[in-house]
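Derivation of every value follows stated rules applied to the coordinates shown; laboratory data play no part. Everything numeric in this text was worked out from a predicted model, so none of it was measured. Ideal geometry is used to build each Cβ from the backbone, glycine not excepted, and the neighbour counts take in all protein chains shown.
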Amino acid sequence: MASLLPAFQSLPLPIVQLSLAAVLKCGQSFRWAILDVGEDTEYRLCLRDRVVCLRQSPTTLFYRALYPDPQPTPTQKALRDAETLVWLNDYFQLDVDLVGLYNEWSTRDPVFARMQSRFEGIRILRQDPWENLISFICSSNNNISRITKMVQALCTEYSPPLLTYEGEKYHPFPPPSVLAQPGVSATLRSLGFGYRAEFINRTAKMLADTHGRMPLPNDTFEASERWLMSLRNSRTDDAREELLKFVGVGRKVADCVLLMSLDKKEVVPVDTHVHQIAVKHYGLKDASGPSGKKATMTPKIYGDVNTKLFRVWGDYAGWAHSVLFTADLKSFASYGLPAPGSRTTSPSSTKIAPDFMPGDILPTPPLTPVSSLKRSNDPVHCSSDCQEAATLAERVKRRRRGA
DNA sequence: AAACTACCGACA
DNA sequence: GTCGGTAGTT
């Protein structure tokens with residue numbers, strides 16, 4: 001790496017605060033290119049105006065940006081490199097002390113305490129809401145491997161390459177106005193999107209029609225994208241209600257967007273997999289029938305799981321959930337069982353023997369007061385509303401049908 | 001309100 | 001047949 005060092009800037013950052021290997025392929029973002037570079041791995045993400053490149057050592061994050069022609073002058077480059085650093089801090093939410101959170105969760109939760117050391121550096125990304133929304137509309141009934149291919153295909157089809165580097169073209173994520181065009185759903189279907197093609201086209205059109213499809217002056221984002229970002233300042237329930245208006249967005253997808261791009265750190269998205277974790281490790285009642293059939297996810301079950309995990313982990317429950325979720329993916333992989341949602345080709349997935357076995361049931365720890373953490377002035381999440389929030393999804397959808 | 005079905009494609 | 005959901009219907 002030493003020979004490449006001049007091209008990279010370095011940022012001191014212990015791996016316990018951020019593990020790129022874990023975070024960038026655990027199903028949060030589906031757009032990072034992962035390259036093997038000798039002994040090392042490089043991660044690249046194409047933004048609207050630059051490609052961000054990352055590498056990591058145990059103590060340091062190395063970063064640089066590629067720019068489209070014309071290449072910036074040395075002065076301009078210095079300025080833009082500074083912007084990249086600002087972006088990194090924002091995207092990885094580096095002002096949030098992950099080690100402090102791990103300690104907090106360990107105090108509250110014996111299950112977490114027993115496995116935390118094996119899964120360090122797993123944090124929630126602060127993603128672009130528009131990209132996040134479309135990506136997770138793709139995620140229904142789907143796995144990480146295929147979602148990644150679909151998102152890649154969508155970018156290649158609908159946005160021109162920003163630049164070419166080492167023979168590889170880098171496409172940004174297309175804006176809403178582009179995906180709102182007629183005919184997009186047919187094209188996406190031909191690209192293998194299935195029934196999600198219509199969801200994406202209709203959601204893009206609805207968003208652009210309702211909140212503006214013009215590019216904002218002096219801005220790389222369109223008006224509707226800025227509107228989505230403004231939901232970061234809304235209360236969780238209000239933001240969720242807005243998201244549920246879109247086609248192809250149910251409770252789970254909405255919660256993923258709330259957690260991963262709208263700053264709603266307490267939100268725990270519940271799928272069948274998370275449900276299983278809650279049953280196996282947190283003593284949630286197993287609603288699956290005596291026939292052993294898998295229980296379908298109902299609003300009630302969703303709310304029960306949500307409430308339980310919020311009580312266990314507290315204000316950053318959504319963040320804790322991602323650690324357990326990622327850990328469980330790897331646990332399954334180590335058993336040689338199909339890892340739910342894992343890439344079919346994951347050469348770098350380390351075989352890790354979990355020190356807890358599926359089936360362990362631990363008592364729920366007593367509810368301890370939430371210690372004051374950073375960003376405590378955010379809109380407050382009302383934990384008692386978890387159950388009601390579960391049925392809210394139904395209400396919103398019903399209202400749309402009736403109207 | 002809860003339960004059922006269809007949907008696209010990959011996988012066992 | 002299963003599955004990292006959602007929409008539409010009863």
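The ranking of A:273, A:281 by Cβ neighbour count inside 10 Å, starting from the fewest, reads A:273, A:281.
Taking amide H as placed 1.01 Å from N in the peptide plane, the amide H of residue A:163 sits under 5 Å from that of A:170, each at least 5 places away or on another chain. In the range A:140-179, Cα pairs under 8 Å separated by at least six residues give a relative contact order of 31 percent.
Rank the residues A:268, A:37 as a footprinting-exposure proxy: fewest other Cβ atoms within 10 Å of their Cβ go first.
A:37, A:268
Applying the criteria of a DSSP loop state and at most 10 other Cβ atoms within 10 Å to the GluC sites (Glu not before Pro) of the range A:1-110 yields A:39. Note on the range A:127-262: with charges restricted to the Cβ of Lys and Arg (+1) and Asp and Glu (-1), its dipole about the Cα centre is near 400 debye. Residue order for A:88, A:228, fewest other beta carbons within 10 angstrom first, comes to A:88, A:228. Round to a whole angstrom and tell me the spacing of the C-alpha centers of the range A:92-147 and the range A:292-329. Measuring centre to centre over Cα atoms gives 13 Å.
Amide H to amide H, with H built 1.01 Å from N, residue A:41 comes under 5 Å of A:56, counting only residues 5 or more places away or on other chains. Working note: Karplus 6.51/-1.76/1.60 with θ = phi - 60° gives the range A:177-194 the couplings 4, 6, 6, 7, 4, x, x, 4, 5, 5, 5, 4, 4, 5, 8, x, 7, x Hz, where Gly and Pro are set to x.
How about the range A:150-214: which chymotrypsin sites (Phe, Trp or Tyr not before Pro) there lie in a loop by DSSP and see at most 13 other Cβ atoms within 10 Å?
A:195
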